[in-house]
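Just below is one structure, and these are the notes that go with it.
The values are calculated or read from the model by the stated rules, or taken from the named source; none is laboratory data. As the structure is a prediction and not an experimental result, all values here were calculated from the model. Note: ideal-geometry Cβ built from the backbone for every residue, glycine included; neighbour counts use all protein chains shown.
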Amino acid sequence: MSAVQDGLPTPPHLASEFYVWLWWASETREAKFSLGEQGDIELWVDERLAFRLPSDTKISAVMTGENPSTSLESRAALVGGKVLQDVRVRFRRDDREFSVTLKGPEMHIQRAKFPQNVDGGGEEALYDRMFLYEELCFVIATLFQEFATLRTTGAWADEVLPAMQAWSQGAPSGD
């Protein structure tokens, strides 16, 4: 994903909001996301959450290890006013499992791990990796489109944001 589309930079808060929305939605939907006609995926936050103060660009807290999204420290960072700078997610689509780190306000794709590789080298392995990378980008773009559509409706302020705030403070979301 590019930080600049049609010559306009992505506002820095959108990536952080998208990361938190993914985290919240993965927990409240029991990891189930629809890709429309392209099927469904299971998505969860994996191994790493990095937070920063809204007024800073440097990371001020990193939660790593198994299930950092379930730690009290991660929720405390949100409640304390920190925003997500990076998030590592894992998703399963059909019989394929991917993991990727979404980094910074530009949503850079880093540390992508694909479900399989063709043995050996050559053209077949290259095309296989290209297909898997395109699939990864498609899933991220589709999820971002769902977020952006929701973010631009009245439901965001009236329903979603209050549910996310209650969830971050440990209250049931009602979903």
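Phe147 fails exactly one of the following numbered conditions: (1) part of a helix (DSSP H, G or I); (2) over 19 Å from Leu22 (Cα atoms); (3) in contact with a helix residue (DSSP H, G or I) (Cβ under 9 Å, 6 or more places away or on another chain). What is the number of that condition?
Exception for Phe147: condition (2).
With region 29-132 as the region, which strands (runs of 3 or more DSSP E) entirely inside it contain at least 3 residues that are more than 16 Å from Ser16 (Cα to Cα) and out of contact with any Lys or Arg (no Cβ under 9 Å at 6 or more places or on another chain)?
Qualifying strands (runs of 3 or more DSSP E): 32-34, 83-93.
Among the residues that make up region 14-30, is at least one of them within 14 Å of Gly104 (Cβ to Cβ), of a type in the set (Phe, Trp, Tyr) and at pLDDT below 90?
No - not one qualifying residue is present in region 14-30.
Select from region 82-98 the residues that are closer than 18 Å to Ser69 by Cβ and surrounded by fewer than 17 Cβ atoms within 10 Å (Cβ to Cβ) and list them in ascending order.
The answer is Arg92, Glu97.
Restricting attention to region 99-130, and to residues there that are surrounded by 14 or more Cβ atoms within 10 Å (Cβ to Cβ) and among the hydrophobic types (A, V, I, L, M, F, W, C), which single residue is farthest from the chain's Cα centre (by Cα)?
The extreme case among them is Phe114.
Using the structure shown, decide if Arg75 is over 20 Å from Phe147 (Cα atoms), surrounded by 12 or more Cβ atoms within 10 Å (Cβ to Cβ) and touching a residue at least 24 places away in the same chain (Cβ under 8 Å). Break it down into steps so the answer makes sense when it comes.
Values: over 20 Å from Phe147 (Cα atoms): yes; surrounded by 12 or more Cβ atoms within 10 Å (Cβ to Cβ): yes; touching a residue at least 24 places away in the same chain (Cβ under 8 Å): yes.
Taking the combined requirement at face value, the residue satisfies it.
For Arg88, are the conditions met, namely being in contact (Cβ under 8 Å) with a residue 24 or more places away in the chain, under 17 Å from Gly104 (Cβ atoms) and among the basic types (Lys, Arg)? Write out each step before concluding.
On the way: in contact (Cβ under 8 Å) with a residue 24 or more places away in the chain: yes; under 17 Å from Gly104 (Cβ atoms): yes; among the basic types (Lys, Arg): yes.
Judged against the criteria, Arg88 is a match.
Is there any pair with a first residue in region 152-175 that is surrounded by 10 or more Cβ atoms within 10 Å (Cβ to Cβ) and a second that is among the hydroxyl-bearing types (Ser, Thr, Tyr) and modelled with pLDDT under 95 whose Cβ atoms are under 8 Å apart and which are 6 or more apart or on different chains, and what are they?
Pairs found: Ala163/Thr28; Ala163/Ser173; Met164/Ser173; Ala166/Ser173; Trp167/Thr28; Trp167/Ser173; Ser173/Thr28; Asp175/Thr28.
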